[in-house]
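Contents: one structure, followed by commentary.
The values are calculated or read from the model by the stated rules, or taken from the named source; none is laboratory data. Keep in mind the model is a prediction, meaning the values are calculated, not measured. Positions of Cβ are backbone-derived with ideal geometry, glycine not excepted, and every protein chain shown enters the neighbour counts. Side chains included, ligands, DNA and RNA excluded: accessible areas come from the protein's heavy atoms. Shrake-Rupley method; radii C 1.70, N 1.55, O 1.52, S 1.80 Å.
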Amino acid sequence: MTPTSAISATTSAASAIPAFDAVVLAGGAARRLGGVDKPGVRVGGRSLLDRVLAACAEADRVVVVGPERETGVGRPVVWAREEPPGGGPLAALEAGLRRTERPVVAVLAADLPFLTAGSLRLLLDVPPGADGVLPRDGAGRDQPLTAVYRAEPLRRELAALAAEHGGTLAGLPVRLLPRRLGLHRAVGAIAERAALDCDTWEDIAAARARIRDHGSVLDEWIAAARAELGIDPATDPALDMDIKALLDAARDAAHGVARPAAPLTTFLIGYAAARHGLAPADAARRISALAERWSREPEQGPRQEKAAE
């Protein structure tokens, strides 16, 4: 029986993730999208490829198999091409795998708008004795291109598949791979969300609408703005913002001073962080306190003024 478990935000909270590389498959003809460059399609202000690359922030090396292009991420990327070009996902996977070194490899399609570093971290919790972790989507289907594998058995089975098919992986369906490996199936909302891909324009429209849901739109907007401005929280921890503190400061400035004060205030908080090394959360709290004092001034007479001294 295939081992299966639900993953949640606490599944591997106490576990250190293993050293891993990532292989991102960014080729393919995108026939159901009319042949457009699918990895370059934007969802939530960022290309699908950039969204996947951002999820690989903790990988030691990221190999992208597909035509070389500019990306919106600050880290270096290793580029590779399958032989022959257009030879399919298994040929692309083998080409990318040859350029990896770590014992664990994340294998990812380039059309996963909801994959995050957090959900990938949960998939990296490979149980002892398993060859990898394979999520299932909401319909119960395996998603081998949103999975984490141990590199050695993955290389072994790809070589065996090629030997069984005339020495090539070209044209072979990816579904042949999971059945040859001892994979742990991951289920649950996080696994399903991570595995959501974009094969059609309807999928892309649904992803764009979902990203604008009220519950996540601020996180998505901030991630897009950071990418556009070249801000990497991993290399600049001072910009790992306390969003609530900043929103509170903007609200307090708008209510206690004037509505136009909100955007100007957040700009000044950012300027102070960059110029003086002040933590944004600390600056935001100071501004909130200032706005409260400002708003109370009209109510204060001589007695209150003396008490405030």
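When segment 102-116 is filtered for residues that are part of a loop (DSSP other than H, G, I, E, B) and not aromatic (Phe, Trp, Tyr), the ones remaining, listed by number, are 102, 103, 110, 111, 112, 113, 115, 116.
Quick grid of which residues meet (1) outside any helix (DSSP H, G or I); (2) in contact (Cβ under 8 Å) with a residue 12 or more places away in the chain; (3) open to solvent by 60 Å² or more (accessible area, probe 1.4 Å):
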site: 93; (1), (2), (3): no, yes, no
site: 100; (1), (2), (3): yes, yes, no
site: 122; (1), (2), (3): no, yes, no
site: 128; (1), (2), (3): yes, no, yes
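Looking only at residues in segment 175-201 that are of a type in the set (Gly, Ala, Ser) and closer than 30 Å to residue 152 by Cβ, the one that is farthest from the chain's Cα centre (by Cα) is 182.
When segment 185-201 is filtered for residues that are touching a Leu at 6+ places or on another chain (Cβ under 8 Å) and either modelled with pLDDT under 85 or assigned to a helix (DSSP H, G or I) (or both), the ones remaining, listed by number, are 190, 191, 194, 195, 201.
Okay, residues lined up against (1) in contact with a Pro (Cβ under 9 Å, 6 or more places away or on another chain); (2) in contact (Cβ under 8 Å) with a residue 40 or more places away in the chain:
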position	(1), (2)
158	no, yes
162	no, yes
166	no, no
170	yes, yes
176	no, yes
190	yes, yes
217	no, no
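The residues on offer are 69, 75, and the sole one that is open to solvent by 10 Å² or more (accessible area, probe 1.4 Å), assigned to a loop (DSSP other than H, G, I, E, B), at pLDDT below 85 and among the charged types (D, E, K, R) is 75. Screening residue 161 against (1) assigned to a helix (DSSP H, G or I); (2) under 22 Å from residue 18 (Cα atoms) leaves a single unmet condition, (2). For segment 153-173, the set of residues classified as touching a Gly at 6+ places or on another chain (Cβ under 8 Å) and farther than 21 Å from residue 126 by Cα consists of 168, 169, 170, 171, 172, 173, listed by residue number. Of all the criteria given as (1) among the hydrophobic types (A, V, I, L, M, F, W, C); (2) modelled with pLDDT of 75 or more; (3) surrounded by 16 or more Cβ atoms within 10 Å (Cβ to Cβ), the one not satisfied by residue 267 is (3). The set of residues in segment 96-147 being basic (Lys, Arg) and modelled with pLDDT under 95 consists of 121, 136, 141. Would a scan of segment 202-218 turn up a residue that is open to solvent by 50 Å² or more (accessible area, probe 1.4 Å), within 16 Å of the chain's Cα centre (by Cα), modelled with pLDDT under 85 and over 15 Å from residue 113 (Cα atoms)? Taking every residue of segment 202-218 in turn, at least one turns out to be open to solvent by 50 Å² or more (accessible area, probe 1.4 Å), within 16 Å of the chain's Cα centre (by Cα), modelled with pLDDT under 85 and over 15 Å from residue 113 (Cα atoms). The set of residues in segment 143-191 that are among the charged types (D, E, K, R), in contact with a helix residue (DSSP H, G or I) (Cβ under 8 Å, 6 or more places away or on another chain) and buried (at least 16 other Cβ atoms within 10 Å of the Cβ) comprises 155, 157. Regarding segment 237-257, can at least one residue be identified that is modelled with pLDDT of 85 or more, within 30 Å of residue 115 (Cα to Cα), open to solvent by 40 Å² or more (accessible area, probe 1.4 Å) and part of a helix (DSSP H, G or I)? Scanning segment 237-257 turns up no residue that is modelled with pLDDT of 85 or more, within 30 Å of residue 115 (Cα to Cα), open to solvent by 40 Å² or more (accessible area, probe 1.4 Å) and part of a helix (DSSP H, G or I).
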